[in-house]
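Worksheet: one structure, shown below.
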Amino acid sequence: MAYSYTNSKGRTYILHSRDTTLKNGTKQTIYFFASTEKEGVLDSVPKGYEVSESKNGLPVLKRKPEPEPEPAKATKGAKAPKAEKAEKAPKATKTTKKK
């Protein structure tokens, strides 16, 4: 059974995938929604992705945000390292040509 999504306007779209070769030679899988069932139909949303709807009602596949790693707990008496200050670039000055 193909994965289908019905948008807020009531139109139904079917999820597809296709393997493609980029100009630099690397292979990549692309995902897209179509209103009719074509070659490359998927049964479910790929792992790590979620379906979202654009402003104009078209469904899009977005990567799920990765959970942020928990910060390491500081031990008693240990100080956190100080952040280094970024050096400021010298200001540009206008030069005028003398005639």
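The values are calculated or read from the model by the stated rules, or taken from the named source; none is laboratory data. Computed from a predicted model, the values in this text were never measured in an experiment. Here Cβ is always computed from backbone atoms with ideal geometry, including for glycine, and neighbour counts include all displayed protein chains. Ligands, DNA and RNA are excluded from the accessible area calculation, which covers all protein heavy atoms including side chains. Shrake-Rupley method; radii C 1.70, N 1.55, O 1.52, S 1.80 Å.
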Counting only residues that are at negative phi, without any contact (Cβ under 8 Å) to a residue 24 or more places away in the chain and open to solvent by less than 60 Å² (accessible area, probe 1.4 Å), how many does segment 5-21 have? 1
Over segment 22-71, the set of residues open to solvent by less than 100 Å² (accessible area, probe 1.4 Å), assigned to a loop (DSSP other than H, G, I, E, B) and farther than 20 Å from N7 by Cβ is L22, G25, T26, G40, G48
